[in-house]
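The values are calculated or read from the model by the stated rules, or taken from the named source; none is laboratory data. These numbers were taken from a predicted model, which means no experiment stands behind them. Cβ coordinates were reconstructed from backbone atoms using ideal geometry, including for glycine residues, and neighbour counts include every protein chain displayed.
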Amino acid sequence: MITIITNRDLEAKNSERPDGRAYNELRPLKIEAGVLERADGSAYLEFGDNKVLAAVYGPREFHIRRFLKPNMAVLRCRYNMAPFSVEDRKRPGPDRRSLEISKLTSEALSPAVFLEKFPRSSIDVFIEVLQAEGGTRCAGITAASVALADAGIPMRDMVVACAAGKANGQVIMDLSEWEDKEGEADVPVAIMPRTGEITLLQMDGQLTKDEFEQALDLAKEGCMKISEEQKKAIKNRYGGD
Amino acid sequence: MQPIVPEITRESVTNLINEGKRADGRKLDQYREISLETGVIKKAEGSARVKIGNTQIMIGVKSQIGDPFPDTPNVGVFMTNSELLPMAAPNFEPGPPDERSVELSRVTDRGIREGKIIDLKKLALIPGKKVWMIFIDMHILDYDGNLLDAAALGAMAALMDAKIPTATVKDDEVVVDHENMQPLPLNEKTVMCTLAKIGNNLVLDPSLEEEGIMRARISIGVRSDGAICSMQKGGERPFEKEEILKAIDMAQEKTKELFEYLPKA
Amino acid sequence: MILVEDKDIVVPGEVLAEGEYYAGRGTFKDETKVCSALVGLVAIRDNKISVLPLQSKYIPKRGDVVIGKITEVRFSMWNVDINSPYSGILPASDVFGREKRDMNKAFDVGDILFMRVVDVDEVKKVKLGLKGRGLGKFRGGLLVEITPTKVPRLIGKKGSMINMIKDHTKCEVVVGQNGLVWVKGKPEMERVVENVIKTIEAEAHTSGLTDRVRDMLNQLLGNEEDKEEEEQYEEELIQ
């Protein structure tokens, strides 16, 4: 009953990436720290066409007794997509995908935070995807990390995330939405850049072990570039160098 | 959980307002700084980011083809939804919309619906079977008082910004052409003015601190032709009739300023 | 080798020095590296490297004086919000002694008190008290909130900054170590003080602040004062 004509279908040309990037090139990236009034810390990030906002409250008093830890803070995360962030309107509220990403994000960030300094408290991280274009979980983690730093929360490092994967037979850095959907594999990775330790790793699709290693190295290379932008965002906020 | 306002803050703010002054230096009938950007979300058919003071809302308009409501088979559908995100204030909790969020959605919806802002008849495609459904989603990012005026202004701007695909009917089939986008059929514009009763005075655009101590609040939706199209009284204390009439005068005057922020034409 | 300079802005995880250096406040050691744990300003004193936070929550310490808000009246104590991840309790016995009195009549929800942190136990339960000069309930005036890390800057060396504000405006100003400040004077003067405090908070990490605040006060009040020496606030912060 309904026919749809669209101009959105992209044709990939041979081994080139549809958006013309090199295999190890990131999409344009912009990060700004301290963008919200009420939150203790916040950050806004644009990565390609992704637009993500992260806010942090805490450490603050934890009212849910059964979840509090007597010897450390609990870092809780909520990843959420705005209904208007995707092509077809998303129903508001959490779904299975966003709950899984929330859990992984909190696990990706926790190793960096000195949680033991704030027993019985909670640190709450809220990530809102305002526009999605592939790689929102990585964008969310990268923004959240800047928001945590902006909130003055002591950390061992600023966690940073970037995906790599395979599309059109080529291992590539930072998959776009099209490459994510049509490609062979996606490997989102988060690291603590000073030590290189990995705090998030997922993979879906098919890769050989060699390809996986290439992808992981590319993802880490991407992380190191993004990490520089995170630092700049924080320093810019205070008029630093 | 509502934050507890310190008693001395209640006194100092009220005393100032009784003298015709405000804690942030504004006049009683003055808005905070307002900014409005449209077209900020490419994936939405229409969008706006509105700021009044530090209150910030992102609004997206989406469209899809669906079934009309059985009691209005020959007109399009529109729905207004809002989320008071837990990032926006320390006392906003995650979860399904609470009563404040539902009130915000419904009051915004009412201004647009009862002001006959959207020509819903033009959104019907196959009478009784297929119509355009328009969704207005309001994402509250930062709460610093007076969400109602920000929501109404942003929603109106997002509607004006919206471009939906051209849909034509051929042999009882809807053909949607994404290459030919067109604006939503709008008849009019509407915005809203909120006044709070504090001490013996009415103050325009209450700040967070003022909302914490206000006795009551009145919000008035006004169309660009001056017609009043919605009202909502809030807060635990009553109003006198004279106060409401005065509020209407102020709203009709002050909404003129708000219309200036909307996209032209 | 020290990799940063004094007063540089650094971020968490940034390596500040490698080798035989002592990790001061706001830093941690990773093998031979001294790294920043915070967004803050580097302070180098001989072999000790610290980072002064630009933003942080108040963590109660025994002996601190704080400004708090009564949030709940209970059977034998008040719950007090002290602008911290850890709320405090004020025992009724501290106020009434052994006598049993109507709790609400002493302090009610929304009242603002100046208190001393009497004890903080290992799970950060905070006990507050009112014994001491100037402690008790505030009447009138207004409250200003600043980041607790900016409190030493607001007070200034030996109270120079805060005394200058008091002298110029003839306001009473009480600063809690938890970042809450109570101001009382003529209503228009209270607002002047509020503006000045907010300016100090915003510019706390810049130099020449005392002079600028003096100019600001003179401009707001239209009078003149002799110049005083510019103070260094880092000394007090680092200790």
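Considering only residues that are within 13 Å of chain C (Cβ to nearest Cβ) and in a strand (DSSP E or B), look in segment A:145-162 and name the one that is surrounded by the fewest Cβ atoms within 10 Å (Cβ to Cβ). Full working, then the answer.
So in segment A:145-162, the residues within 13 Å of chain C (Cβ to nearest Cβ) come out as A:145-160.
Next, only the ones that are in a strand (DSSP E or B) stay: A:155, A:160.
Numbers: A:155: 25, A:160: 30.
Selected residue: A:155.
In the set B:111, B:95, B:128, B:145, which member is closer than 30 Å to residue A:80 by Cβ and either at pLDDT below 95 or of a type in the set (Phe, Trp, Tyr) (or both)?
B:95
Quick check on segment A:42-50. Is at least one of its residues farther than 29 Å from residue B:63 by Cα, away from chain B (no Cβ under 14 Å) and in contact (Cβ under 8 Å) with a residue 24 or more places away in the chain?
So far as segment A:42-50 goes, no, none of its residues is farther than 29 Å from residue B:63 by Cα, away from chain B (no Cβ under 14 Å) and in contact (Cβ under 8 Å) with a residue 24 or more places away in the chain.
Since residue A:183 meets every condition but one in (1) within 14 Å of chain C (Cβ to nearest Cβ); (2) modelled with pLDDT under 95; (3) buried (at least 17 other Cβ atoms within 10 Å of the Cβ), which condition does it not meet?
Unmet for residue A:183, out of (1) within 14 Å of chain C (Cβ to nearest Cβ); (2) modelled with pLDDT under 95; (3) buried (at least 17 other Cβ atoms within 10 Å of the Cβ): (1).
Just checking, which of C:66, C:80 is in a strand (DSSP E or B), within 13 Å of residue C:128 (Cβ to Cβ), touching a residue at least 12 places away in the same chain (Cβ under 8 Å) and within 13 Å of chain A (Cβ to nearest Cβ)?
Just a single option satisfies the conditions, and that option is C:80.
Considering B:223, B:217, which residue is touching an Asp or Glu at 6+ places or on another chain (Cβ under 7 Å), of a type outside the set (A, V, I, L, M, F, W, C) and closer than 16 Å to residue B:107 by Cα? Before you say what the answer is, go through the steps one by one.
Working: B:217 fails: touching an Asp or Glu at 6+ places or on another chain (Cβ under 7 Å).
On inspection, the qualifying residue turns out to be B:223.
So if I check each of A:224, A:192, which one is within 12 Å of another protein chain (Cβ to nearest Cβ) and either touching a residue at least 40 places away in the same chain (Cβ under 8 Å) or out of contact with any helix residue (DSSP H, G or I) (no Cβ under 9 Å at 6 or more places or on another chain) (or both)?
Every option except A:192 fails the conditions.
What do you reckon, is residue C:114 touching a residue at least 24 places away in the same chain (Cβ under 8 Å), of a type in the set (Phe, Trp, Tyr) and assigned by TED's automatic domain parsing to the domain that holds residue C:71?
Working: touching a residue at least 24 places away in the same chain (Cβ under 8 Å): yes; of a type in the set (Phe, Trp, Tyr): yes; assigned by TED's automatic domain parsing to the domain that holds residue C:71: yes.
Spelling it out, residue C:114 is indeed touching a residue at least 24 places away in the same chain (Cβ under 8 Å), of a type in the set (Phe, Trp, Tyr) and assigned by TED's automatic domain parsing to the domain that holds residue C:71.
Which of the residues belonging to segment B:125-165 are hydrophobic (A, V, I, L, M, F, W, C) and assigned to a strand (DSSP E or B)?
Scanning segment B:125-165 gives B:125, B:126, B:131, B:132, B:133, B:134, B:135, B:136, B:138, B:140, B:141, B:164.
If you take just the strands (runs of 3 or more DSSP E) that sit entirely in segment C:90-196, which of them hold at least 3 residues that are under 16 Å from the mean Cα position of the chain (by Cα)?
It comes to C:112-120, C:142-145, C:172-175, C:180-184.
Can you name the condition, by its number, that residue A:142 falls short on among (1) over 20 Å from residue B:94 (Cβ atoms); (2) of a type in the set (S, T, N, Q); (3) within 11 Å of chain C (Cβ to nearest Cβ)?
Exception for residue A:142: condition (3).
For residues that are within 12 Å of the chain's Cα centre (by Cα) and basic (Lys, Arg), tally how many sit in segment B:87-112.
Selection size over segment B:87-112: 2.
Looking at segment B:94-109, can you tell me whether even one residue there is farther than 27 Å from residue A:79 by Cα and among the polar types (S, T, N, Q)?
No; the residues of segment B:94-109 include none that is farther than 27 Å from residue A:79 by Cα and among the polar types (S, T, N, Q).
To keep it simple, each residue is scored yes or no on (1) loosely packed, with under 14 Cβ neighbours inside 10 Å; (2) outside any strand (DSSP E or B); (3) out of contact with any Pro (no Cβ under 8 Å at 6 or more places or on another chain).
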{"residue": "B:22", "(1), (2), (3)": "no, yes, yes"}
{"residue": "B:32", "(1), (2), (3)": "no, yes, yes"}
{"residue": "B:37", "(1), (2), (3)": "no, no, yes"}
{"residue": "B:43", "(1), (2), (3)": "no, yes, yes"}
{"residue": "B:51", "(1), (2), (3)": "no, no, yes"}
{"residue": "B:56", "(1), (2), (3)": "no, no, yes"}
{"residue": "B:61", "(1), (2), (3)": "no, no, yes"}
{"residue": "B:70", "(1), (2), (3)": "yes, yes, yes"}
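Those residues that are within 9 Å of chain A (Cβ to nearest Cβ), touching a strand residue (DSSP E or B) at 6+ places or on another chain (Cβ under 8 Å) and either of a type in the set (Asp, Glu) or under 24 Å from residue B:253 (Cβ atoms) (or both), I need them from segment B:25-82; list them, please.
Once the filter is applied, which keeps residues that are within 9 Å of chain A (Cβ to nearest Cβ), touching a strand residue (DSSP E or B) at 6+ places or on another chain (Cβ under 8 Å) and either of a type in the set (Asp, Glu) or under 24 Å from residue B:253 (Cβ atoms) (or both), segment B:25-82 yields B:45, B:55.
Every residue, every condition in (1) of a type in the set (Phe, Trp, Tyr); (2) surrounded by 21 or more Cβ atoms within 10 Å (Cβ to Cβ); (3) over 15 Å from the mean Cα position of the chain (by Cα), yes or no:
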{"residue": "A:81", "(1), (2), (3)": "no, yes, no"}
{"residue": "A:87", "(1), (2), (3)": "no, no, yes"}
{"residue": "A:90", "(1), (2), (3)": "no, no, yes"}
{"residue": "A:94", "(1), (2), (3)": "no, no, yes"}
{"residue": "A:100", "(1), (2), (3)": "no, no, no"}
{"residue": "A:110", "(1), (2), (3)": "no, no, no"}
{"residue": "A:113", "(1), (2), (3)": "no, yes, yes"}
{"residue": "A:117", "(1), (2), (3)": "no, no, yes"}
{"residue": "A:121", "(1), (2), (3)": "no, yes, yes"}
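When segment B:192-230 is examined, which residues are found to be free of Cβ contacts under 8 Å to residues at least 60 places away in the same chain and surrounded by fewer than 20 Cβ atoms within 10 Å (Cβ to Cβ)?
Matches in segment B:192-230: B:215, B:216, B:224, B:225, B:226, B:228.
How about segment C:1-35: which of its residues are within 20 Å of residue A:113 (Cβ to Cβ), more than 9 Å from every other protein chain (Cβ to nearest Cβ) and buried (at least 20 other Cβ atoms within 10 Å of the Cβ)?
C:16, C:23, C:27, C:34
Being out of contact with any Pro (no Cβ under 6 Å at 6 or more places or on another chain) and of a type in the set (Val, Ile, Thr) is the filter; apply it to segment A:76-125 and report the residue that is nearest to the other protein chains (Cβ to nearest Cβ).
Ranking the candidates gives A:86 first.
So which of A:180, A:210 is within 21 Å of residue A:79 (Cβ to Cβ), out of contact with any Leu (no Cβ under 9 Å at 6 or more places or on another chain) and assigned to a helix (DSSP H, G or I)?
Going through A:180, A:210 in turn, just one is within 21 Å of residue A:79 (Cβ to Cβ), out of contact with any Leu (no Cβ under 9 Å at 6 or more places or on another chain) and assigned to a helix (DSSP H, G or I): A:180.
Taking strands (runs of 3 or more DSSP E) that do not extend beyond segment A:39-140, which have at least 2 residues that are farther than 28 Å from residue A:176 by Cα and modelled with pLDDT of 95 or more?
Qualifying strands (runs of 3 or more DSSP E): A:50-61, A:74-81, A:121-131.
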